[in-house]
Amino acid sequence: MAINKDIQYDKDYSTKYDGVYFRYSRKKKHNGKPDKSFKIRYRLNGRSKNEKIGWLSDGISAEFARNIRSERVVSIRHGNDLPNTKQLTFREAAKRYIDDHENNKSIQQDKYRYNDLKILDDMEISNITVSDLKKVHASMRSRGVKHITYTKVESFYNRAVKYASKLNLIKSQESIRVPIPRVAHKVTEIYSDEMRENYLAVIEQYPYRVVSDIVELIYFTGMRRSEPLKLKWTDYNKEETYLTLRDAKSGRDEKKMLSTSSIEILERQRGKSKVYIFEHAHEAVKAPYLSYHARRMADMAGLPRDYRPLHSLRHNVGTVMAMNGVPVAIIKEQMNHKNIETTQRYIDIADEAVQEHVNNLETGLKKSSKMNVYIKKIDTRIKND
């Protein structure tokens with residue numbers, strides 16, 4: 001393997017020791033060459049198990065990995081617990097998970113989530129309880145972080161622990177969930193005419209144009225936040241005026257019909273991007289970048305702080321369609337809902353808004369002037385001839 005271009009990064013290379021393999025790292029370097037990550041393979045309960053041992057840059061060698069494998073095999077043959085099954089700390093489990101999933105698209109988000117869990121670093125996983133995760137939850141909430149964000153942190157914790165169990169570094173653990181009571185009342189994110197006008201004014205004047213174009217596209221189409229970011233030019237059919245949303249939330253590709261304004265937004269990107277329709281620094285716009293600017297735009301437009309900057313725009317599209325009498329089946333199709341029950345929520349919200357307008361109309365109809373009106377009395381008695 002003399003030159004890097006011949007390296008296959010996703011391949012397990014064998015060593016002179018049975019059951020010991022290594023992979024080259026795409027990112028880490030050691031002595032000017034791609035670092036090596038050693039792993040061992042053995043059988044447990046009739047199934048093949050892979051266990052990562054460590055990096056060459058950390059002093060791990062093929063011979064060291066062979067010795068670890070020998071210990072594992074002896075323990076399994078004698079029916080003993082594997083070494084270190086009761087001493088693994090969360091720091092070690094999290095590091096192993098992140099290292100082994102370094103090529104996953106979502107690993108950067110997992111690294112952010114791990115930051116909130118570092119108060120558990122030195123704790124043995126077997127000793128971590130729901131009370132410890134409640135402390136994590138309380139710390140995040142005190143910073144103003146929403147509960148939905150905490151659930152993603154909690155999910156990372158359970159995935160890291162489950163992965164350690166899969167590698168037989170610890171015994172199988174039950175997932176930990178922090179019980180949170182449901183909120184009885186949720187804010188209905190209905191836009192007034194003034195709110196729409198203000199938001200559109202901000203969109204028109206916002207200096208970061210690729211971001212404002214994405215927000216405006218969501219405003220007109222009701223897309224979910226992630227959907228515009230994944231759009232490629234090959235997903236755009238201008239002639240038949242629709243986009244193909246690849247791997248949508250429904251689990252399949254979905255079609256999104258486009259209005260004239262939506263097409264204008266897409267056409268503005270021509271010449272500015274190559275592969276993805278919306279690009280920043282020659283790559284697809286990242287979700288954190290979009291979210292940061294969307295929050296700024298919503299604040300500039302004077303939206304209520306508890307309105308979600310992007311998802312509230314999606315709600316606005318569904319509600320406006322319902323208020324304009326669009327059939328529920330068409331709303332479902334355009335919003336790419338998986339079931340009709342989700343769509344029905346927009347109908348219910350629209351009914352409330354319509355009732356408010358009806359009440360306002362009635363108030364207006366009841367108003368009368370103060371002028372005096374003389375009405376001549378008419379004799380309505382029946383006269384007999």
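The values are calculated or read from the model by the stated rules, or taken from the named source; none is laboratory data. As the structure is a prediction and not an experimental result, all values here were calculated from the model. Reconstructed Cβ throughout: ideal geometry from the backbone, glycine too, with neighbour counts over all protein chains shown. For the accessible areas, the whole protein counts, side chains as well, though only heavy atoms, and no ligand, DNA or RNA atoms are used. Shrake-Rupley method; radii C 1.70, N 1.55, O 1.52, S 1.80 Å.
Running Debye on the range 41-183 with equal point scatterers at the Cα sites and no solvent, what base-10 log of I(q)/I(0) appears at q = 0.14 Å⁻¹?
The Cα Debye sum returns log10 ratios of -0.73.
Can you pull out the chymotrypsin sites (Phe, Trp or Tyr not before Pro) in the range 103-209 that DSSP calls coil and that have at most 10 other Cβ atoms within 10 Å?
none
Could you work out the local net charge near D110, counting Lys and Arg as +1, Asp and Glu as -1, over the other residues with Cβ closer than 14 Å to its Cβ?
+4
Considering only protein heavy atoms, what per residue accessible area in square angstrom results for the range 221-321 with a 1.4 angstrom probe?
It amounts to 51 Å² per residue over the range 221-321.
In whole angstrom, how far apart do the alpha carbon centroids of the range 212-286 and the range 92-117 sit?
Using only Cα atoms to place each centre, the spacing works out to 29 Å.
Which of the trypsin sites (Lys or Arg not before Pro) found in the range 89-165 are loop residues per DSSP with 16 or fewer other Cβ atoms within 10 Å of their Cβ?
When the trypsin sites (Lys or Arg not before Pro) of the range 89-165 are filtered for loop state and at most 16 Cβ neighbours within 10 Å, K105, R143, K146 remain.
Placing unit charges on C-beta atoms (Lys and Arg positive, Asp and Glu negative, everything else neutral), compute the dipole magnitude of the range 188-309 about its Cα centre in debye, rounded to 20.
Value, rounded to 20: 500 debye.
Could you look at the range 37-134 and say what percent of its accessible area is carbon and sulfur, using a 1.4 Å probe and all protein chains?
Ligands and nucleic acids excluded, carbon and sulfur reach 44 percent.
Given R₀ = 25 Å, what would the calculated FRET efficiency be for K272 paired with Q108, taking r from the Cβ atoms and rounding to 0.05?
0.50
In the range 106-156, what is the volume of the convex hull around the alpha carbon atoms, normalised per residue and reported in Å³?
Roughly 80 Å³ of hull volume per residue.
What number, in nm² with one decimal, is the all-direction average of the projected area of the convex hull of the alpha-carbon atoms of the range 207-262?
4.0
Over 26 Å between Cα atoms: which of K52/K118; K166/K232; K28/K105; K39/K111 fall into that group?
From the list (K52/K118; K166/K232; K28/K105; K39/K111), the Cα-Cα distance tops 26 Å for K166/K232.
Using bins 5 angstrom wide from zero, how does P(r) for the range 247-305 break down, in % of all Cα pairs?
So the P(r) values, bin by bin, are 4, 14, 13, 18, 26, 18, 6, 1.
Using 1/(1 + (r/R0)^6) with R0 = 30 angstrom and r between the beta carbons of Q205 and K232, what's the FRET efficiency to the nearest 0.05?
Plugging the Cβ-Cβ distance into 1/(1 + (r/R0)^6) gives 0.55.
Taking the Cβ-Cβ separation of H280 and N158 as r and a Förster radius of 45 Å, what is the calculated FRET efficiency to the nearest 0.05?
0.85
At a 1.4 Å probe, what is the % contribution of carbon and sulfur to the accessible area of the range 213-348?
52
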